[in-house]
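One structure below.
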Amino acid sequence: MSSTAGNPLPYNVSLTDQSAIIQFYPHREGPIDTQWNVTYSDSVFAKWSYDDTFGAGVSENFVILSMHEILIYPILLIQTSLHRTTYAGATCIIQWAGTAVWVFGGTNNDGSYTVSIDDSTPFHGEGSVSGLLFSKTSLVYGLHIMNLTVTGGEVSVSGATITVGMGDPG
């Protein structure tokens, strides 16, 4: 195998919302109405507050053996996460070198957002969406910046897939 037309070989890389490649502004974690808020599936701590800032992902269970003995054992839960916000103007940015991007998440009934790549004409998304928020393929291989901006309602981002170039096999 070799690259085509001088471009590196394309590979799809999937990213969760926890990836450092996905940037959230104004902040990655905080109250849903002023910034992005991470929420985990099946979490009893899905609502963030300044008094209760810990999330889920690991659950601590315990058994009382006697009045002086407590057996604590962690149970690792496989959970999914997403970043959500109701803050109009919040942005999610992905920068990569490649040819395509898919962004996954959801909106509620009044959720709306715009997405642009490299300052192109924005795509407008609105209404109830669950799954694919946006995709763009067949970009010219190179450095790209995808910018998703919340314009109203609640919007969540659960992850993305980017197509990157990995070069010729060695």
Quiz item: Which of the chymotrypsin sites (Phe, Trp or Tyr not before Pro) found in region 85-121 are loop residues per DSSP with 16 or fewer other Cβ atoms within 10 Å of their Cβ?
Solution: none
Self-check item: Value in Å of the Kirkwood radius, where region 78-169 supplies the Cα pairs that are averaged
Solution: 13.6 Å
Exercise. Determine how large the accessible area of Ser81 is when every protein chain is in place; take a 1.4 Å probe and give Å² rounded to the nearest 10.
Key: 20 Å²
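The values are calculated or read from the model by the stated rules, or taken from the named source; none is laboratory data. Model, not experiment: these values are computed from the prediction. Because the Cβ atoms are built from the backbone with ideal geometry, glycine has one as well, and the counts that use them run over all protein chains shown. Accessible surface areas use protein heavy atoms only, side chains included; no ligands, DNA or RNA. Shrake-Rupley method; radii C 1.70, N 1.55, O 1.52, S 1.80 Å.
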